[in-house]
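Working notes, beginning with the structure itself.
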Amino acid sequence: MGLKSMVLKDTKRPEDLSLEASLAELEGIVLSLEEGELTLEESLKAFERGVSLIRRCNSLLDGAEQRIEILVGELPEDLAR
């Protein structure tokens, strides 16, 4: 399967993807857009998918940051520094 068909085949919803899977797909989209082989409509669709993936990554990272803050807050003061 070529990069172009991979970019246009968004079978999984971003909400169902892990951070790693989202980043890998996003990297493929960037490469495809940089190659300049997509039509305008394909480029727009790829860009929209990329924005959705970025939002997913941000959401996952925000969640991880909150978990870390909770865990650090539970540490004794001398270990939290």
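Read-outs throughout are calculated quantities, based only on the coordinates presented, and are distinct from any laboratory measurement. Note that this is a predicted model, so its numbers are computed, not measured. Methodologically, a virtual Cβ is constructed for each residue, glycine included, from the backbone with ideal geometry; neighbour enumeration extends over all protein chains shown.
Ordering of 53-63, 24-34, 67-77 by packing is 24-34, 53-63, 67-77, highest average first (other Cβ atoms within 10 Å, averaged per residue). Between D16 and D78, full extension at 0.36 nm per residue minus the direct alpha carbon distance yields a gain of 18.5 nm.
With the largest listed first and rounded to whole Å, the semi-axes of the equivalent ellipsoid of the chain from the Cα gyration tensor are 36, 11, 10.
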